[in-house]
1. Below 8 Å, C-alpha to C-alpha, sequence gap of six or more: please give me the relative contact order for the range 57-255 in percent.
2. How far apart, in nm, are the 7 Å Cα→Cβ label points at residue 122 and residue 67?
3. Starting from the 7 Å offset along Cα-to-Cβ, what nm value, one decimal, do you get for the label separation of residue 129 and residue 57?
4. Using the Cα gyration tensor of the range 57-255, with a ≥ b ≥ c the square roots of its eigenvalues, what is the shape: rounded (a/c below 1.5), prolate (a/b larger than b/c) or oblate (neither)?
5. For the pair residue 252 and residue 85, how long in nm is the line joining their label points, each one 7 Å along Cα→Cβ?
6. The range 184-262 to the range 81-115: how many Å between their Cα centroids?
C-alpha cells in the first residue's frame, strides 16, 4: 500500500519506510533546540561551579582589590566611591540597580540567545561560540585572581543588602535568600555582568535591523556597567576587563574562524 499526499497538481508518494524519516526531519529542529538548551545549561553550571573552585581566601582577595584600587587611582579611574554613594543616597535608583544587577544578567543574555537561534545558525552559532570563549576567559581569571568587590572594603556600601527586603536576594551578592553558599563573592574580576551585556550589544549591533534596538542594547551595556559599580559589586577595572573578554571572544570567533558552510 502507498499513501498519496497531494501537493498542488502533483502527487507526492511516501512509502511506509519513508514515513519515519519524514517524522524525524520534522522533529529534528526540536532536537537541535533541546541540544542547544542543554549546552547553555552546561555553560551556566560550569560558570557557577568554576567560580566555587576559586580560592575563598578573603584576605588575599581584599589585597588584590586594594591593588586594583591603587591602579585606578594612578590612572584616575577610581570612580566607585562616588557612584556607590549616589545609589545609596537615592533609593529609587538603588532599588532599580539592585533588580537590574540580580536579573538582567541572565534574562537579557538568554533572550538574545533565543532571538539569535530563530535567526538561523549563521547568526546563532558564531555568537554562541563567542559567548563561550568570553566566559571561559573570565572563569580563568576568576580562578587565577580571586578579587574582593568594593563592598568588602571600608567606605563602600552593599546596595543590594540595603534593598534585600524588597527583592529575592540575600546578603550574598545577588544569590537568592538562603543560597549564599552557592556563590563565590570573590569572583569579581572581571565582571561577566558587564561582559555578557557587551556581548549582547555587539551581536545585536551585527544582526538587528532596527536602529532603536541597537541603541537600547548599547544603553543596556552601559547601564549594566553603571549598576555593577554603583551597587558595590565591581570595580571600574572589573567592568573594563569584562568588556575586553567579550570583545576577545567576538574577535576570536568572528574574525579568526571561517564562515559556516551553507
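1. Over the range 57-255, the number comes to 34 percent.
2. About 4.6 nm, to one decimal.
3. Spacing of the two 7 Å Cα→Cβ label points: 3.8 nm.
4. Prolate.
5. My value for the distance between the label points is 4.0 nm.
6. First find each Cα centre; the distance between them is then 15 Å.
Bear in mind these aren't lab numbers, they're just calculated from the coordinates by the rules spelled out. Values in this document were obtained by computation on a predicted structure and should not be read as measured data. Glycine also receives a Cβ, built like all others from the backbone with ideal geometry; neighbour counts cover every protein chain displayed.
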